[in-house]
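Visitor: Mind looking over this structure? Questions follow.
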Amino acid sequence: MDDEPLKEWAERRDSKIGRLRAVPIVSGDGPKASHLHPDAPRAIERWNGHTWEPYGFVANLAEAKALLHPETNEPPPTPTGPVPKPLGSGRHRKTQPPTSDGGGPAQR
C-alpha cells in the first residue's frame with residue numbers, strides 16, 4: 001500500500017492552521033468565484049485545523065487581496081550598487097560596416 005504515515009499527514013494538516021481565505025457574500029446558490037463579484041463584500045475565514053471559522057469582513061476584492069497577500073503590496077526592493085552589463089555580445093548583435101558598393105553589410 002502507498003498510504004501516507006499518519007504523522008506526515010498530521011504535520012501537513014497542521015502547517016495549514018491559521019491560513020485565511022476570502023469568500024464573497026452574494027445571494028443565491030450561484031458560483032462564488034472572486035472574479036465574478038469583485039465589488040461584493042467578503043467574509044474572511046480562518047482554517048483552525050478542522051473547519052473554516054469566521055475571522056473578519058472586508059468591503060471588496062481589493063481589500064481582501066491586501067489582507068491575504070500583504071507582501072504583494074510592498075514596493076519591489078531597489079537595487080544597490082552598479083548595474084550589471086547584459087550578458088552576451090554575440091556576433092549577430094554587432095553592426096557590420098557598409099560595403100564599398102553602398103549595399104548592405106560586408107560579405108565574408
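The values are calculated or read from the model by the stated rules, or taken from the named source; none is laboratory data. If you're wondering where the values come from, they're calculated on a predicted model, not measured in any experiment. Virtual Cβ from ideal backbone geometry, glycine too; neighbours counted across all protein chains shown. We work out accessible area using only protein heavy atoms, side chains counted, and drop any ligands, DNA or RNA first. Shrake-Rupley method; radii C 1.70, N 1.55, O 1.52, S 1.80 Å.
Visitor: Mind listing just one residue for me: the one in segment 13-29 that is closer than 16 Å to ALA59 by Cβ and part of a loop (DSSP other than H, G, I, E, B) and, of those, least open to solvent (accessible area, probe 1.4 Å)?
Guide: VAL26
Visitor: How do the pairs read when you match residues in segment 6-20 that are within 24 Å of ILE44 (Cα to Cα) with residues anywhere that are of a type in the set (S, T, N, Q) and at pLDDT 90 or above, using Cβ under 7 Å and keeping only pairs 6 or more apart or on different chains?
Guide: ILE17/ASN48
Visitor: Could you please let me know if GLU63 is among the acidic types (Asp, Glu), under 30 Å from GLU11 (Cβ atoms) and either open to solvent by 60 Å² or more (accessible area, probe 1.4 Å) or part of a loop (DSSP other than H, G, I, E, B) (or both)? Talk me through it step by step, then tell me what you get.
Guide: On the way: among the acidic types (Asp, Glu): yes; under 30 Å from GLU11 (Cβ atoms): no; either open to solvent by 60 Å² or more (accessible area, probe 1.4 Å) or part of a loop (DSSP other than H, G, I, E, B) (or both): yes.
Answer is no for this residue.
Visitor: Would you point out which residue out of SER34, SER15 is within 25 Å of LYS65 (Cβ to Cβ), touching a strand residue (DSSP E or B) at 6+ places or on another chain (Cβ under 8 Å) and of a type in the set (Ser, Thr, Tyr)? It would help to see each step written out before you state the result.
Guide: Working: SER15 fails: touching a strand residue (DSSP E or B) at 6+ places or on another chain (Cβ under 8 Å).
The unique qualifying residue is SER34.
Visitor: OK, next. What pairs come up if the first residue lies in segment 37-53 and is free of Cβ contacts under 8 Å to residues at least 60 places away in the same chain and at negative phi, the second is open to solvent by less than 60 Å² (accessible area, probe 1.4 Å) and charged (D, E, K, R), and their beta carbons are under 6 Å apart, counting only those six or more places apart or on different chains?
Guide: So the pair list comes out as TRP52/GLU45.
Visitor: Would you confirm whether any residue within segment 68-91 is modelled with pLDDT of 85 or more and either farther than 25 Å from SER15 by Cβ or open to solvent by less than 100 Å² (accessible area, probe 1.4 Å) (or both)? Reasoning before the result, please.
Guide: First, the residues of segment 68-91 that are modelled with pLDDT of 85 or more: 68-69.
Keeping just the survivors that are either farther than 25 Å from SER15 by Cβ or open to solvent by less than 100 Å² (accessible area, probe 1.4 Å) (or both) gives 68-69.
Yes, segment 68-91 contains at least one residue that is modelled with pLDDT of 85 or more and either farther than 25 Å from SER15 by Cβ or open to solvent by less than 100 Å² (accessible area, probe 1.4 Å) (or both).
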